[in-house]
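For reference, the structure discussed in these notes is given below.
The values are calculated or read from the model by the stated rules, or taken from the named source; none is laboratory data. Being a predicted model, the structure only gives us computed values, none of them experimental. Ideal geometry is used to build each Cβ from the backbone, glycine not excepted, and the neighbour counts take in all protein chains shown.
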Amino acid sequence: MFGKMEVFSVEEVKLAIDAIQVYQTQYDQVDKVWGYFSAVTLATSGFVVGSDKATRSLVEPVAILVAYWFFCFGNHLALVSGQNQLMQLADILIKLCKNAGFDISMFAPLSANSVANFHLGAIITVSLGILVITVLRRRQSSGK
């Protein structure tokens, strides 16, 4: 009447649960790196949009962009490294969960390459926005 039931050891289940917790911890760390990026990007963009002083000459926006890119470089390294670690942990997690009888077949973290490309795209978009605002304000102030 009932099909054969698989029996999983308590140790396999504990290992899977521990792996889930380690993965979640790493996920939280990557999320914090994204949070730092969001905060700095929002602050940088808000400063440029909200202050005419940020674009009164070309020196200010260039200095702002150089500082932003410096931050973004370090943030990018941390983000991609963290995502690579997350992918490695995901591989281990999938194996351990399968051994414990947990179905996580829909579990698929983003690739580090996808995250890197999106991050770079966001950096480029914000940088271009800052440059466009600078050009438009300079044109407006010169009466063109």
Check whether at least one residue in the stretch 77-92 is surrounded by 12 or more Cβ atoms within 10 Å (Cβ to Cβ), more than 24 Å from H119 (Cα to Cα) and not polar (S, T, N, Q), and report yes or no.
yes
Assess whether A67 counts as being in contact (Cβ under 8 Å) with a residue 24 or more places away in the chain, surrounded by fewer than 16 Cβ atoms within 10 Å (Cβ to Cβ) and part of a helix (DSSP H, G or I).
no
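Take the residues in the stretch 1-19 that are exposed (fewer than 10 other Cβ atoms within 10 Å of the Cβ) and modelled with pLDDT under 85; name whichever of them is farthest from G101 (Cα to Cα).
Taking the candidates together, the pick is M1.
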Residues in the stretch 62-121 that are farther than 28 Å from A16 by Cβ and touching a His at 6+ places or on another chain (Cβ under 9 Å) total 6
From Q24, Q29, residue being of a type in the set (S, T, N, Q), part of a helix (DSSP H, G or I) and within 30 Å of F8 (Cα to Cα)
Q24
From (1) closer than 24 Å to S127 by Cα; (2) within 28 Å of the chain's Cα centre (by Cα), pick out the condition that doesn't hold for L86.
(1)
For Y27, the lone unmet condition from (1) within 30 Å of G143 (Cα to Cα); (2) surrounded by 13 or more Cβ atoms within 10 Å (Cβ to Cβ) is (1)
Collect the residues in the stretch 64-111 that are of a type in the set (A, V, I, L, M), at pLDDT 95 or above and out of contact with any helix residue (DSSP H, G or I) (no Cβ under 7 Å at 6 or more places or on another chain), keeping them in residue-number order.
V66, A67, L77
